[in-house]
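Okay, so here's the structure we're looking at.
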Amino acid sequence: MKRRDFIKAATAGAAGVGASMIGLEAVAQTLEPRVVAPSDEIVVGVIGPGSRGQSLMRRMLRVPGVRIGALCDVYAPRLTEGREITGEDTPVFDDYRRMLDEAADLDAVLVATPPGLHAAHMTASLDRGLHVYGEKIMGFTLDDCDAIVAAAQWSGKWFQIGHQYRYAPWYREALERIKEGEIGTVTHIFGYWHRNYNWRRPLPDPTLERFINWRLYRDTSAGLLAELGSHHIDIANWVFDEIPESVMGSGSVMFYQDGRNVNDNVQAIFKYPGGGTFVFSSLIGNHLVGYQINIYGTGGTVALTLQDGAFYYEPARANSAVPEELMERGVNTSASLSTEGDMPYRGPGLDIQTSEADADPNLLAVASFFDSIRENKRPYADEIIGWNSAVPVALGNMAIRSTSHVPFADHVSAPRVNVGRGE
Amino acid sequence: MLAGLLPAWAAVSLVWAAPDSLYYEARPAMGTTVEVYLYAAGAGRAEALFEAAFDEVERIEAAFSTYRPTSELSRINTYADATPVTTDPEVFALIDHALAYSRSTDGAFDITVGRLMKAWGFFRGQGRYPSREELLEARKKTGWAYVTLDSTARTVRFGKMGLQLDVGAIGKGYAIDQVARLLRAQGVEAALIGTGQSSYYAVGAPPGEAGWPVRVPAPFDHAQTLSTVYLRDAALSTSGNYEKFFELEGKQYCHIMDPRTGRPVEGMVQVTVIAPNAADSDALATSVFVLGIDAGATLLDEQAGTAALLVTGPKAQARVVSLGWPEEIAEGIQ
């Protein structure tokens, strides 16, 4: 589907992705009645019902005709919590292979485990003939990323990556207008995700440190570049319509010297083949700038946040509309140096208005996934979109750890440049 | 916000000697301030616990806030008058629980009361007297009996146009309960969680103490204490007519609506309820405030582990009424 068609469908709440994306059954029934027969119930198994998994489960249960049919986790309290969310005695498993073997009624699997386990869980689910909603980052290593793409394509089942901002109405509106040239040529994107929070989860028992706080250790976590930065990388890929060709980076443990070996601040600069640059910064010891993506073009800027977005425009240059009386009154002279021109712009922008601005991107993303299954339609954020952000994360971390400049061509032979962006 | 309902122990907390230390954090959330006091072994653990606690508050606010257009409740409000809206079990259960209160109070508790609140100017405002037309229009769009739940399909449907759900009178308590659950699951044995000083839930008790002391202020002079409750594994909520009100021609109109009449409740000044959990103490405080003494007493009789302390007005004839109140009540206080 062309992006423009996608937006129109979403705006109208009409057929396809749009219908269940926006208002779910409400819009579907008011604008395009669609009877969902009992046989159309989609049963989902969940591998990893931790905090992120639980959040997605709640969203999935807001979609008509979806049931959570199995839960799998090696940490028993998560299974109890998962059953509280489903409100049922959902069958539980402590081994994903058993869940895939024994839960015969599954149609799809949600994988929300730590990223080092994604490849095993996602490929096994696809191999079993199940559709997969996979949390980002898609793969932990380059090989993992390739294996998941291969499994998705071999299985003939749909894979959707958890880049929910691809489904956020204000992002889609911004991208549509950027592609139409509203801010000229985009040259730079600066993305921030700053927090003041040590990223440490409480432990009911100190022996569970590695288990619960897997984000803090390199053998289980790809760090801030993955957990936070991959969303920004995905947006940069979307804007530039390609994937990076090289990356340099830096990072350190600066704020929290508590035994972790995952950086609590990272900075990475991605260069794109067309000349564009994406600069990412994440630090978790200062909250001031929060989450921002500023997309800079020759004619203006788009500033996106987790809740909204706005357009800003550069002043006109070489303005020929000079008032005629200028020659009569002349110009003023003064000894003072004005700093005004170099002050940051602090005025308002032109807010992005969308007809469904009230939609929750996570809900839209999972609803679209179920539409893909029901209507046998490729997900918008598919395995290629997943690969395109996961590989830059892996190479970005290589650059950060080696403090070197990493050309992608040295490490990946077939970057998916021209496919899979929903074009 | 109830400025007078303060944890009485705050100033003397250092006296308690315990292996764990007492930590405190407050953050703005749910249109008020959420505060958490807890005992933990070290600031690092306390920090992680606070983060998890406030994440939970944020999760619940993101689902239930009517101030957020992206919330699940806002989605229901947008679509449920056109078609049944499927929602997740948690959201469904809280709406179901609220409607059960509507049934048991014959509509004195009503989560569709938002339109009336707006008509009386209490939505983000301090209140005003509505015109007859405004009131009529608001009453047309109010009524818990027009909310239909289908527990099999897990759907919410409105039976008349313009209905809006607002779980503010039970949702803050629910959030407190969920935070308490989370802290317990993390092994916390003593904590006090509060919202805007109007509701508290106590997990256990401070080491060596009978409970977490919570002071119920005298409604006309918050510096005076009407009663002090030692809360342990229980919740307490207070509703007062002094939280938000306006005066017109010498008469005071408070922000607590009687959905049955479409007008602010008159004659009740302050109601404090103790219950096993904060969702119930929250809902009961509002219900009893609207129902009054006799019907309120009947309602509390139906629910184990509840008690209430009421102050009726007006000020000149203020009367303190105990409905099974377990603690000492100061005499001669107004």
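Whose amide H sits under 5 Å from the amide H of A:Tyr291, counting only residues 5 or more places off or on another chain, with H placed in the peptide plane?
Amide H to amide H, under 5 Å and 5 or more residues apart or across chains, A:Tyr291 pairs with A:His194.
Only helices at least 18 Å long along their own axis, judged from Cα atoms, and with Kyte-Doolittle mean hydropathy of -1.0 or greater: name those in chain B from DSSP H.
B:43-64, B:89-104, B:168-185, B:278-291
For chain A, state what percent of all Cα-Cα pairs lands in each successive 20 Å bin, counting from 0 Å until the bin that includes the largest distance.
Histogram of Cα-Cα distances, whole percents per bin: 25, 55, 16, 4, 0.
Could you work out the relative contact order of region B:80-129, using alpha carbon pairs under 8 angstrom and six or more residues apart, expressed as a whole percent?
Worked out over region B:80-129, it gives 17 percent.
Can you work out the base-10 log of I(q)/I(0) for region B:78-168 at q = 0.10, 0.13, 0.21, 0.26 1/Å, using the Debye formula on its C-alpha atoms alone?
-0.27, -0.45, -1.03, -1.33
I need A:Arg374, B:Arg115 ordered by Cβ neighbour count within 10 Å, fewest first.
The order, fewest Cβ neighbours first, is A:Arg374, B:Arg115.
For B:Lys315, which aspartates and glutamates qualify as cross-link partners when the Cα separation must be under 14 Å and same-chain residues fewer than eight apart are set aside?
Output for B:Lys315: B:Asp221, B:Glu266.
Compute the separation of the alpha-carbon centres of region A:139-172 and region B:162-180 and state it in Å as a whole number.
Here the answer is 36 Å between Cα centres.
In the Gaussian network model of chain B, springs joining C-alpha atoms below 10 Å, which of B:Ala119, B:Ala82, B:Ala316 carries the largest mean-square fluctuation?
Top of the fluctuation ranking is B:Ala316.
Is the shape of chain B best called rounded, prolate or oblate, per the rule: a/c under 1.5 gives rounded, else a/b larger than b/c gives prolate, else oblate, with a ≥ b ≥ c the square roots of the Cα gyration tensor eigenvalues?
In terms of gyration-tensor shape, oblate.
Could you list which residues have their amide H under 5 Å from that of B:Val203, counting only those 5 or more apart in sequence or on another chain, with H placed in the peptide plane?
HN-HN under 5 Å from B:Val203: B:Ala191, B:Leu192, B:Ile193, B:Asp233.
Report the charge-dipole magnitude of chain A in Debye, nearest 20, computed about the Cα centre from +1 at each Lys and Arg Cβ and -1 at each Asp and Glu Cβ.
Its charge dipole is roughly 340 debye.
Give me P(r) over the protein assembly as shown, computed from all C-alpha to C-alpha distances, binned every 20 Å, as integer percentages.
15, 44, 32, 8, 0
Treating cross-link reach as a plain straight distance, find the aspartates and glutamates whose alpha-carbon is under 20 Å from the alpha-carbon of A:Lys271, omitting any fewer than eight places away in the same chain.
In chain and number order, the partners are A:Asp234, A:Asp241, A:Glu242, A:Glu245, A:Asp410.
Counting only C-alpha contacts under 8 Å and six or more residues apart, can you give the relative contact order of chain B as a whole percent?
After rounding, I find 18 percent.
For region B:78-168, what's the relative contact order in percent, using C-alpha pairs closer than 8 Å and at least 6 residues apart?
41
Exposure proxy check: A:Val46, B:Val269 ranked by fewest other beta carbons within 10 Å?
Exposure proxy ranking, most exposed first: B:Val269, A:Val46.
Once you charge only the Cβ atoms, +1 for Lys and Arg and -1 for Asp and Glu, what is the size of the charge dipole of region B:78-168 about its Cα centre, to the nearest 20 debye?
Result for region B:78-168 is approximately 360 debye, rounded to the nearest 20.
At a 10 Å Cβ-Cβ cut-off, how would you order B:Thr261, A:Thr277, fewest neighbours first?
Ascending number of Cβ neighbours within 10 Å: B:Thr261, A:Thr277.
FYI, it's all coordinate maths here, none of it is from the lab. The shown structure was predicted, so the numbers you read here are calculated from the model rather than taken from an experiment. Cβ: placed from backbone, ideal geometry, glycine included. Neighbour counts: every protein chain shown.
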